[in-house]
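The values are calculated or read from the model by the stated rules, or taken from the named source; none is laboratory data. Since we're looking at a predicted model, the values are computed, not measured. Please note: Cβ atoms are built from the backbone with ideal geometry, for glycine as well, and neighbour counts cover all protein chains shown. With ligands, DNA and RNA removed, areas are computed over all heavy atoms of the protein, side chains included. Shrake-Rupley method; radii C 1.70, N 1.55, O 1.52, S 1.80 Å.
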Amino acid sequence: MNEIKGRVINVSNRLPVLIRKYAGGARLERSSGGLATALEAGWRDQPGVWIGWAGTGPDENIEPLLLRAAHRRSYTLRSVALTEEETAKFYSGFANEIIWPLFHDMPSRCNFDPEYWEIYQRVNRKFAKVVAETAQEDDFIWVHDYHLMLTAASLKEAGVRARMGFFLHIPFPSPDVFEKLPWKKPILKSLLEFDVIGFQGDRDRSNFVSCLERLLPEATVERGSPHLLVGLEERRSVVGTFPIGIDFEAFGRDAARPEIAAHAAEIRKRVSDDVLVLGVDRLDYTKGIPERLKSFRLLLRRFPEMRGHITLVQVVVPSREEIPNYKHLRREVELLVSQINGEYTEPGWVPVHYIHRNLGRDELLAYYRAADIGLVTPLKDGMNLVAKEFCAAQIDERGVLIVSEFAGAGPELRSGAIVVNPNDFAEVAQALYDAAHMTAEDKRSRIRLLRQIVKDHNVHRWIRSFLEAIPSSDRTKGGPVGDSWSPPTPSKDRPGQKMPGVALVASALSPPGRPRYAMGKDAKLRVMSSAAGED
Ligand code: ADQ
């Protein structure tokens, strides 16, 4: 590992704690979402600093609350205050009305308001200022996610000499989608100011490289081992794939507690003691919740014998409620739930149980343990930690995971999961039917495989592998190759600086075709015709 002599300074839009104001004062809450969950778990015992927004404005004295939050942690917390305008135009605006939909391949949902870009630049400089006040030369600055893609350039302008890395938790889109962004070149160039740039999967890294080829042809790409090395002018960046994981041991250990088992048994008794299907998501249009509900409705239509025997519990945590797209989504989901329940409920059986709130960790674990099928069907997702949490909590080795091919977790877990296209309602309905009829033996062998993968690719390994990719400081300035690097492979066809052609690298990295799943020998398979016209 490249030794970090100083501290690791994590920088993300949100701190792991959120300060929520109410009439009589303010209180601390846990931030929701995958980034906070993963980093909190991975960083639990590590020293360092975490810089981010606590949900508060400039005139609020939150120091005592932050000190209290840091008391139980091994790292300190520093907040970046945002004004109301910045919250609206940087966070809700540029980050969540432009980059979030665009990077999830939904450009028609983007609102390319030029003012958002102005404020995005301003807030990135603001974060960089706080980091510059905190960082020392031998620290490593690790910036997380799409909110902060411009910070490296500002940090350098401020004279910061520490090494810097960036990890994108969400997907990186293909050039045809990315090029719609009016500010595409400054964003690509700013990313190349980081010493390490990390993506969730090969698909994302390959898209990034293809975007460089199309939009910054002057950039050079060399293949190192295991990462790529991208050069622009005098600079070089390591570009790698680092699939994020969870704290497998902690999940498994906590799921095994007797009170969780008792709670899970209670859920099964009250909700369904037959087949219980579980969906857990932030309420976000990328998570494919309406599509999932339509697939479940199709299952009930196509397989009447399943009625009364299969129940979907859909848990959603409220998210980004100030953005219009999210308000519509909530209404759409609630309408679908009530339509399905209105159509199919029978005495003693409600087909969809809908929970709209943040669950505590113990309650979440109890639902994971209670479930027979984990249904994780985002339309697009960087990784999706719910898929991994579900596997880790399956200590009884009886749960089946159905996962979208468009989540980072899809390719990673394909050997044990049923992989589906979330837009193909018939396929998802069939997968549910198959999972419900899978033999105990087949279920056990699949979930064992999955648990092994999730255990091996855990959050600690993710952190280690990212930090190991940090090049020595001379390397980033085009100096000699550092210890952790294999020499780049020169192109035979086109000798010179430029790698086999960026396109060649990109195609070599493309994920293989989607595998079909194999059914257990006793499962009752049915061939379904197209669902056209039914939904
Ligand atoms: P998210 O889009 O937030 O993360 P995900 O990875 O699924 O998505 O993480 C969600 C987290 O929130 C999970 O830890 C889950 O347990 C928790 N959660 C969801 N609903 C909940 C509820 N109702 N109550 C309590 N907890 C709930 C982003 C990217 C992902 C990527 C992560 C980490 O979009 O693709 O996997 O970052 O890199």
| request: Could I have the simple spin-label model distance between R307 and I4, label points 7 Å from Cα toward Cβ, reported in nm to one decimal? | output: 5.7
| What angle do you read, to the nearest 10 degrees and between 0 and 90, between the alpha-carbon axis of helix 440-456 and the longest principal axis of the chain? | 20
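How large is Rg/Rh for region 308-373, to two decimals, with Cα atoms and a Kirkwood Rh?
Working: Rg = 13.7 Å, Rh = 13.4 Å.
Reported Rg/Rh, Kirkwood definition of Rh: 1.02.
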| field | Spacing of the two label points (7 Å from each Cα toward its C-beta) at E441 and E118, in nm | value | 6.9
| field | Gain in span if fully extended, H328 to H356, counting 0.36 nm per residue against the direct Cα distance | value | 8.6 nm
| task | Using R₀ = 35 Å, calculate the FRET efficiency as 1/(1 + (r/R₀)^6) where r is the Cβ-Cβ separation of R20 and K129; round to 0.05. | result | 0.85
| What's the angle, to the nearest 10 degrees (0 to 90), between helix 258-271's Cα axis and the longest principal axis of the chain? | 50
| query | Quick one: if you take sqrt(5λ) for each eigenvalue of the C-alpha gyration tensor of the chain, what semi-axes come out, biggest first, whole angstrom? | reply | 39, 27, 22
| request: Tell me which residues come under 5 Å, amide H to amide H, from V17 once H is placed; ignore anything under 5 positions away on its chain. | output: S31
| Using a probe of 1.4 angstrom, how much of the accessible area of the chain is carbon and sulfur, in percent? | 49
| Rounded tilt (10° steps) of 289-302 against the dominant C-alpha axis of the chain | 30
| request: Beta carbons within 10 angstrom, averaged per residue: use that to sort the peptides 185-196, 354-365, 280-291, highest first. | output: 280-291, 185-196, 354-365
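Quickly estimate the mean residue ellipticity at 222 nm for the chain, helices only: each DSSP H run with n ≥ 4 gives -39500 (n - 2.57), and the total goes over all residues, rounded to 500. Spell out each step's value before the answer.
Working: 19 runs with 204 residues, N = 535.
Only helices count here, giving -11500 deg cm²/dmol.
Here are some pairs, K129/K287; K126/K455; K126/K184; which of them have Cα atoms lying more than 31 Å apart in this structure? Spell out each step's value before the answer.
Working: K129/K287 34 Å; K126/K455 38 Å; K126/K184 21 Å.
K129/K287; K126/K455, as the Cα separations exceed 31 Å there.
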| task | Quick one: accessible surface of R301, probe radius 1.4 Å, all protein chains present, in square angstrom to the nearest 10. | result | 80
| note | Projected onto the charge dipole of the chain (unit charges on the beta-carbon of Lys, Arg, Asp and Glu, signs +1, +1, -1, -1), the Cα from I51, A370, V80 with the largest positive-side position is that of A370
| Zone of R27's modelled label, taken as backbone nitrogen in region 66-89 under 17 Å from a point 7 Å along Cα→Cβ | 66, 68-69
| Within the chain: Cβ-based charge dipole about Cα centre, in debye rounded to nearest 20 (Lys, Arg +1; Asp, Glu -1) | 500
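Roll a 1.4 Å probe over the protein chains and send me the accessible area per residue for the chain in Å². Let's see the in-between values first.
Values: 21660 Å² over 535 residues.
Result: 40 Å² of accessible area for each residue.
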| query | What ranking, highest mean first, results for peptides 378-390, 257-269, 434-446 when packing means the other Cβ atoms within 10 Å averaged over each residue? | reply | 378-390, 434-446, 257-269
